[in-house]
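Below: the structure, in structure tokens.
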Amino acid sequence: MIAALLLVPTAAGIAALAIRPHRARRALLVASAATHALLTVLCWKHRPAPALDGWLLLDAPGMLFLSITSALFLAASVYAVGYLAREEPGRHRDFQERVLFTNEPEAVFTGCLLFFLAAMTLVATSQHFGLLWVAVEATTLASAPLIYFHRHHRSLEATWKYLLICSVGIALALLGNFFLAVAASGRAGEARTPLVLSALMLHTGELHAPWLRAAFLCFLVGYGTKMGLAPLHAWLPDAHSESPSVVSALLSGALLNCAFLGILRAQQVCAAAGMADFGRGLLVIFGLASMLVAAVFVLGQKDFKRMLAYSSVEHMGVLALGVGLGGSGVFGAALHAVNHSLSKAMLFLVAGNILAAYRTKAIGEVRGVVKVLPASGALWIAGVLAIGGSPPFGPFMSELTILQGALAQGRYGIAAAYVALLVLIFIGMAGAALRMAQGAPPDGVLARAAARESPWAIWPPAALGLAVLLLGLWVPRAASAALHEVATALGGS
Amino acid sequence: MAAGVDLALVLLVLTSLVLLGSSRIDAYIRIAAAQGALVGLLTVGLHTGDLAPRAAALAVISLVVKAGILPWLLRRAMREAHVRREVEPYVGYALSVLAGVLALGFAVWLGARLPMPRPAASPLIVPVALFLFLVGLFLIVSRRKALTQVLGYLVLENGIFVFGAAFALEEPMIVELGVLLDALVAVFVMGITISHINREFDSIDTAHLSELREWNP
């Protein structure tokens, strides 16, 4: 089963590189996304057997992140069909600087999308720290060409930053792997513990504590770079704002989570070795720092895709904070990972519609979205309310749970800072989004917009939005049980 | 064997210092190739027992990739991009060498304080690994040319590799393969990107890549 999850997107990716007709390739993209989603659903029914000597295994946290990735990819692939159809081949004129550019060949783009899915699936399923590292590296390599879809110099700059900064981060994570190997090598004469999660957690008594701590630091900084925790987030706003919206949705909703999983695995080992507080303290600091940085850059932000990118920095901070707090905060963080991914992917997809109609990313130049694009406008407002944490949407519940976690432990200072930052960012984002939604649209936009609201561009974000709304009203019992399992595995309750 | 290991480690340090002080990119590439060869030889020198065959295999791969393929790729990128020298680095060469010496001092200080669960083959390994890591990081942030930054990344990876070869070879092969794969693909992809940067701006100066920042209306 796990093998099928990995092989379907890989094989489809190779095939996509070879297929010439656009229609057939797009059909293949959606079909493989649907197959992947179906396989994921089957994994919920029957946990698949471990593969490769236990190196590949779906435990509760892996299952959670795999499900998020699979669902988002399905929505994104449907959206991508409409997106690719309206990106005609040939030269384009850049609306920002009037330079001419071409797009990446569609076959390469589709192939890389599918390889990206395969790499993220590998992240979710690997139990071996070395394999996990290879998988995270593979996500970087598969996604770099996606960011460089529009071949002009701004996206090139974003890709270069992404590659260089993430490669340094990933190098640090490799050092973390070696430190972990040293920690697990046992004292002279003792046996070595393999770097498989379950084995490490079983033999924590034999781990060398200072090296384990050093390994955790390397993992935190290394994977934290990729996750976009401040102050390591330098690549994130550029990559998210310059890549096509469908890629931004996947980067923000799926990739950042995968990097977080890398940190969580390290935290699991630390917790089993009785050093849970060490990792938690650091996660709280990074979490609050990320929220603070996001608040500074969201307020007064002039570019709506960058605004969404900084909001991702904020929510990665919320996840880190939730896990760092422990207790019910971990459950909140697990639920929030789902909510954030769904609502952020929805917002990026809608942002793509707005960008296509208005041909600008400047908040100040977008007015009257509800008039020009009625469906997208409604989704845009709903999405911003959801991501800001207002009821009845899902993020409200998960952010409240994390707050309760902080209050239950009597950490009032953290709770106060958390609420203050959430409110600040909500005001900043909602203000900008409402200004964009209302008012009189600029000339010429209405005429262009008629074709932009195709079902391909509306249904995927609408489906994601509906899911966020439902999660706010009612969390299904099976999902709740699964999330509790995740929380227990990560040292919460 | 121990003397050979120490010699290789000292040579790694010296070549890094030369790297910090020079401006010619073809010299950079030669030094990076030499470092790749040194790292490969070091892997053989460190392991004599059961691990010797694995270490030898790793050394061969490392020699081929780090001293063969990568320098070839980089030299080709250099030719295509018509770039000979690093110009106006963010930190000057004399200052860079000084920073390198300071980094060496720090690495020795830190290396002596780290408690090793098992004795290392040479007391120099941990400090040298740390030093290479720091030098690589420094080159990435202090140099302008995309090619030089890639070379800095290679030095950083050599540092990690030295540490891994010394302490993590008992781990299944994947960890070491990871390094090589990483180095290969990173430079490969970056190489493609470099050629695009070049086509776009007619130079590979990453200082051109400074437009994406917060808007100042």
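Every read-out reported here was derived from the displayed coordinates using simple, explicitly stated rules and does not represent laboratory data. Since the structure is predicted, the reported quantities are computational estimates derived from the model, not experimental observations. For neighbour counting, all protein chains shown are included, and Cβ atoms are generated from backbone atoms with ideal geometry for every residue, glycine included.
Order by neighbour count: A:316, A:397, fewest other Cβ atoms within 10 Å first, most last.
Ascending number of Cβ neighbours within 10 Å: A:397, A:316.
Which cross-chain or sequence-distant (5 or more) residues have an amide H under 5 Å from the amide H of residue B:144, H modelled 1.01 Å from N in plane?
Result for residue B:144 returns B:90.
For chain A, what is the relative contact order in percent, using Cα pairs closer than 8 Å and at least 6 residues apart in sequence?
15
Determine the dipole magnitude for the protein assembly as shown: charges of +1 sit on the beta-carbon of Lys and Arg, -1 on that of Asp and Glu, nothing else is charged, the reference point is the Cα centre, and the result goes in debye to the nearest 20.
Using Cβ point charges on Lys, Arg, Asp and Glu, the protein assembly as shown gives about 1000 debye.
Could you list log10 I(q)/I(0) for segment A:109-157 at q = 0.19, 0.24 Å⁻¹, which the Debye formula gives when each Cα is one point scatterer?
Ignoring solvent entirely, the Cα scatterers give -0.60, -0.78.
Modelling each spin label as a point 7 Å along the Cα-to-Cβ direction, I'd like the residue B:50/residue A:466 distance in nm, to one decimal.
With each label point 7 Å from Cα toward Cβ, the separation is 5.9 nm.
What FRET efficiency, computed as 1/(1 + (r/R0)^6) with R0 = 35 Å and r the Cβ-Cβ distance, is obtained for residue B:102 and residue A:488, rounded to the nearest 0.05?
Once rounded, the FRET efficiency stands at 0.15.
Using +1 at the C-beta of Lys and Arg and -1 at the C-beta of Asp and Glu, which of A:358, A:386, A:346 has the Cα lying farthest in the positive direction of the dipole of segment A:339-413?
A:358
Starting from the coordinates of the alpha-carbon atoms of segment A:280-431, obtain the Kirkwood hydrodynamic radius over all distinct pairs and give the value in Å to one decimal.
For segment A:280-431, the Kirkwood estimate is 15.5 Å.
Cut-off 15 Å, label point 7 angstrom out along Cα-to-Cβ of residue B:91: give me the residues of segment B:3-38 whose amide nitrogen falls inside.
From segment B:3-38, the list is B:16-22.
For labels at residue A:362 and residue A:478 in the simple 7 Å Cα→Cβ model, what's the distance in nm?
5.0
Which cross-chain or sequence-distant (5 or more) residues have an amide H under 5 Å from the amide H of residue A:303, H modelled 1.01 Å from N in plane?
A:363
When only alpha-carbon atoms count, how far does segment A:167-302 stretch along each of its three principal axes, as whole angstroms with the largest first?
61, 27, 21
Could you compute the FRET efficiency for residue B:109 and residue A:201, with r as their C-beta to C-beta distance and R0 at 30 Å, rounded to 0.05?
Given R0 = 30 Å and the Cβ-Cβ separation, E is 0.30.
Taking the alpha-carbon set of the protein assembly as shown, what are its Rg and Dmax in Å?
That works out to 25.0, 79 Å for Rg and Dmax.
List the residues whose amide H sits under 5 Å from the amide H of residue A:56, counting only those 5 or more places along or on another chain, with H placed 1.01 Å from N in the peptide plane.
Correct list: A:51, A:127.
Which of the pairs A:161/A:344; A:344/A:371; A:161/A:371; A:226/B:66; A:344/B:66; A:361/B:145 have their Cα atoms more than 32 Å apart in this structure?
Pairs exceeding the cut-off: A:161/A:371; A:344/B:66.
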